[in-house]
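Input: a single structure, listed below in structure tokens.
No lab work stands behind these numbers, since they all come straight from the coordinates. These numbers come from a predicted model, not from an experiment. We place every Cβ from the backbone using ideal geometry, glycine too, and count neighbours over all the protein chains shown.
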Amino acid sequence: MIITRPAYDAMLAHARAAMPDEACGFLAGRDHVTHFLPLDNAADMPRTQFESSPRSTLAAYRRMRELNLELLAVYHSHPTSPPAPSETDKERHNLPGVLCVIVSPLTDAVAAWDMEQGREVTIQIECP
Ligand SMILES: [Zn+2]
């Protein structure tokens, strides 16, 4: 997965700002990630779960349509654990062709996962 430096930094800043709660958002672009779209976490227990609010999700889809961008990855943070998918993450990520990106704001570790193949994907940060 290729991501531009501004989109990567914005995602990390969002994850740090949400601590101790989990944060979530969309990573969008055409062939590589150029845009970070934050979502509101409306989960009942936001410290250990994420559930994007319908309102912020709709706004993000609208923005992607306006800018003619594709959803390439869904990101969320793990405030206290490494950036590996939990069992819940595996069950709930059901968007074919869309990567699962996890950020650990404590260590700034970031990992991208192809959930269909069950493997980690290399992240390459591109300077625009
Ligand atoms: Zn998770």
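Mind telling me which of the residues Arg16, Arg92 ends up being basic (Lys, Arg) and touching a residue at least 24 places away in the same chain (Cβ under 8 Å)? Spell out how you get there, then give the answer.
Working: Arg92 fails: touching a residue at least 24 places away in the same chain (Cβ under 8 Å).
The match here is Arg16.
Can you tell me which residues in the range 1-30 are among the basic types (Lys, Arg) and under 12 Å from the mean Cα position of the chain (by Cα)? It would help to see each step written out before you state the result.
Let us first name the residues in the range 1-30 that are among the basic types (Lys, Arg), namely 5, 16, 30.
Across the range 1-30, there are no qualifying residues.
From the list Phe36, Phe26, which one is more than 16 Å from the ligand (Cβ to nearest atom) and crowded, with 21+ Cβ neighbours inside 10 Å?
Details: Phe26 fails: more than 16 Å from the ligand (Cβ to nearest atom).
Residue meeting the stated conditions: Phe36.
Taking interchain pairs and intrachain pairs at least six residues apart, which have beta carbon atoms under 9 angstrom, with the first residue in the range 71-86 and on the phi < 0 side of the Ramachandran plot and the second of a type in the set (Lys, Arg)?
What qualifies is Leu72/Arg30; Ser77/Arg16; Pro79/Arg47; Thr80/Arg47.
State which residue pairs qualify: first residue under 23 Å from Pro85 (Cα atoms) and in contact (Cβ under 8 Å) with a residue 60 or more places away in the chain and inside the range 48-63, second residue away from the ligand (no atom under 16 Å from the Cβ) and assigned to a loop (DSSP other than H, G, I, E, B) in any location, beta carbons under 7 Å apart, and separation of 6 or more residues or different chains.
none
Look at the range 108-128 and say how many of its residues are surrounded by fewer than 18 Cβ atoms within 10 Å (Cβ to Cβ), under 15 Å from Ala23 (Cβ atoms) and within 15 Å of the ligand (Cβ to nearest atom). Walk me through how you get there before you give the answer.
So the first thing to find is which residues in the range 108-128 are surrounded by fewer than 18 Cβ atoms within 10 Å (Cβ to Cβ), and the list is 108-109, 114, 116-128.
Those left that are additionally under 15 Å from Ala23 (Cβ atoms): 108-109.
Of the ones still in play, those that are also within 15 Å of the ligand (Cβ to nearest atom) are 109.
The number of residues fulfilling the criteria is 1.
For the range 95-107, which residues satisfy the criterion of being within 14 Å of the ligand (Cβ to nearest atom) and either exposed (fewer than 11 other Cβ atoms within 10 Å of the Cβ) or assigned to a strand (DSSP E or B) (or both)?
Leu99, Cys100, Val101, Ile102, Val103, Ser104
Applying the selection to the range 34-69, what residues are charged (D, E, K, R) and over 14 Å from the mean Cα position of the chain (by Cα)?
Filtering the range 34-69 for residues charged (D, E, K, R) gives 40, 44, 47, 51, 55, 62-63, 65-66.
Residues satisfying the conditions are Asp44, Arg47, Arg55, Arg62, Arg63, Arg65, Glu66.
With the structure loaded, tell me whether Arg92 is surrounded by 14 or more Cβ atoms within 10 Å (Cβ to Cβ), within 17 Å of Ala43 (Cβ to Cβ) and over 13 Å from the mean Cα position of the chain (by Cα) or whether it fails that test. Give the steps one after another, and end with the answer.
Details: surrounded by 14 or more Cβ atoms within 10 Å (Cβ to Cβ): yes; within 17 Å of Ala43 (Cβ to Cβ): yes; over 13 Å from the mean Cα position of the chain (by Cα): yes.
So Arg92 fits the description; yes.
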